[in-house]
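Undergrad: This structure is in structure tokens; I'll ask about it shortly.
The values are calculated or read from the model by the stated rules, or taken from the named source; none is laboratory data. No experiment lies behind these values; they were computed from the predicted model shown. When we count neighbours, we look across all protein chains shown, and the Cβ atoms used for this are built from the backbone with ideal geometry, even at glycine.
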Amino acid sequence: MGKLFLVPTPIGNLEDITLRAIKVLKEVDVVLAEDTRTSGKLLKHFEIDTPLQSHHMHNEHKQVESLVQKLKGGTQMALISDAGTPAISDPGFLLTRACVENGIEVECLPGATAFVPALVNSGLPNDRFVFEGFLSVKKGRQTRLKLLAEESRTMVFYESPHKLVKTLTHFVEYFGDDRPASVSRELTKMYEETVRGTLTEVLEHFTAKPPKGELVVVVGGKKSS
């Protein structure tokens, strides 16, 4: 029987890939990639010539059964996303679950993921935290924010540049204007930046200077009265 490897890839700086990740990507029979163009550049950089197969949020439901059959037949597979650890706000969960249900071995390599450095360098408590990823754009967003307003742990969110100001505005509305927060962008890249302050201060900063690049927002939890 084959095996599925979940392989983290760099979130920016290519030097952040592990030696073990390179070894696995070279040895498997096929690499499932979120975007074969993006991953193709990565594999070429590290002189990896393993065949690539597209596997993303729009086709993963259709592919799971056939991929499971190939794994049962002995095919060794690696799953990668465009950046970071697969299945963390990226494709990977459906295939992993199917493998577990079918007795196929799954191994996730340790490696890059954006929310860990953002959380650690935020300066906010990180002994206990909750990862929310991307909030729903419409359905259930208001309900979720009301629940999170009572959350005592540090909260971690992913957000796109063009939605950041709107999301921070919602945070001020639901969490309060003086809640401590941190926004990290372009982690591990040349223009890496972390802006810290109250939610109001961070909102004012990015209202004046519209952000670019990938973003991680960290917000302090509600303090007990």
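Undergrad: Taking residue 55 as the residue in question, decide whether it is surrounded by 19 or more Cβ atoms within 10 Å (Cβ to Cβ), in contact with a helix residue (DSSP H, G or I) (Cβ under 7 Å, 6 or more places away or on another chain), more than 23 Å from residue 116 (Cα to Cα) and not hydrophobic (A, V, I, L, M, F, W, C).
TA: Values: surrounded by 19 or more Cβ atoms within 10 Å (Cβ to Cβ): yes; in contact with a helix residue (DSSP H, G or I) (Cβ under 7 Å, 6 or more places away or on another chain): yes; more than 23 Å from residue 116 (Cα to Cα): yes; not hydrophobic (A, V, I, L, M, F, W, C): yes.
When the stated conditions are applied, residue 55 passes them.
Undergrad: Let me ask you something else. Condition (residue is over 11 Å from residue 215 (Cα atoms), among the small types (Gly, Ala, Ser), crowded, with 16+ Cβ neighbours inside 10 Å and touching a helix residue (DSSP H, G or I) at 6+ places or on another chain (Cβ under 9 Å)) applied to segment 168-179: is it met by at least one residue? Spell out the reasoning first.
TA: Initial filter on segment 168-179 (over 11 Å from residue 215 (Cα atoms)): 168-179.
From what's left, among the small types (Gly, Ala, Ser): 176.
Still in the list and also crowded, with 16+ Cβ neighbours inside 10 Å: none.
No: segment 168-179 contains no residue that is over 11 Å from residue 215 (Cα atoms), among the small types (Gly, Ala, Ser), crowded, with 16+ Cβ neighbours inside 10 Å and touching a helix residue (DSSP H, G or I) at 6+ places or on another chain (Cβ under 9 Å).
Undergrad: Right, something else. Could you tell me whether residue 18 is among the hydroxyl-bearing types (Ser, Thr, Tyr) and more than 21 Å from residue 89 (Cβ to Cβ)?
TA: So residue 18 does not fit the description; no.
Undergrad: I'm told residue 151 meets every condition in (1) in a loop (DSSP other than H, G, I, E, B); (2) touching a residue at least 60 places away in the same chain (Cβ under 8 Å); (3) under 16 Å from residue 203 (Cβ atoms) except one. Can you identify the failing condition by its number?
TA: (3)
Undergrad: Right, something else. Can you tell me which residue among 43, 6 is in contact with a Gly (Cβ under 7 Å, 6 or more places away or on another chain) and of a type in the set (A, V, I, L, M)?
TA: 6 is the lone residue from the list that is in contact with a Gly (Cβ under 7 Å, 6 or more places away or on another chain) and of a type in the set (A, V, I, L, M).
Undergrad: On to the next question. Step by step: first the residues of segment 114-147, then only those that are assigned to a helix (DSSP H, G or I) and touching a strand residue (DSSP E or B) at 6+ places or on another chain (Cβ under 6 Å), then the one that is farthest from residue 14 (Cα to Cα). Which residue is that? Quick ask: steps written out before the conclusion?
TA: As a first pass, look at segment 114-147 and keep what is assigned to a helix (DSSP H, G or I): 115-120, 141-147.
Among the residues that remain, those that are also touching a strand residue (DSSP E or B) at 6+ places or on another chain (Cβ under 6 Å) are: 115, 118-119.
Working: 115: 17, 118: 18, 119: 21 Å.
This residue is 119.
Undergrad: Which residue out of 156, 137 is among the aliphatic types (A, V, I, L, M), loosely packed, with under 14 Cβ neighbours inside 10 Å and assigned by TED's automatic domain parsing to the domain that holds residue 181?
TA: Among 156, 137, only 137 is among the aliphatic types (A, V, I, L, M), loosely packed, with under 14 Cβ neighbours inside 10 Å and assigned by TED's automatic domain parsing to the domain that holds residue 181.
Undergrad: Please list, ordered by first then second residue, the pairs with beta carbon atoms under 8 Å, 6 or more apart or interchain, first in segment 72-98 and in the same structural domain as residue 34 (by TED's automatic domain parsing), second at pLDDT 95 or above and among the basic types (Lys, Arg).
TA: 76/3; 77/3; 77/70
Undergrad: Output the residues belonging to segment 54-82 that are in a strand (DSSP E or B) and modelled with pLDDT of 95 or more.
TA: 77, 78, 79, 80
Undergrad: Can you confirm whether residue 42 is closer than 19 Å to residue 11 by Cβ, touching a residue at least 12 places away in the same chain (Cβ under 8 Å), assigned by TED's automatic domain parsing to the domain that holds residue 93 and of a type in the set (A, V, I, L, M)?
TA: So residue 42 fits the description; yes.
Undergrad: For residue 186, state whether it is under 24 Å from the mean Cα position of the chain (by Cα) and at positive phi.
TA: Details: under 24 Å from the mean Cα position of the chain (by Cα): yes; at positive phi: yes.
Against the criterion (under 24 Å from the mean Cα position of the chain (by Cα) and at positive phi), residue 186 qualifies.
Undergrad: Of 34, 65, 101, which residue is among the charged types (D, E, K, R), buried (at least 20 other Cβ atoms within 10 Å of the Cβ) and in the same structural domain as residue 10 (by TED's automatic domain parsing)?
TA: 34
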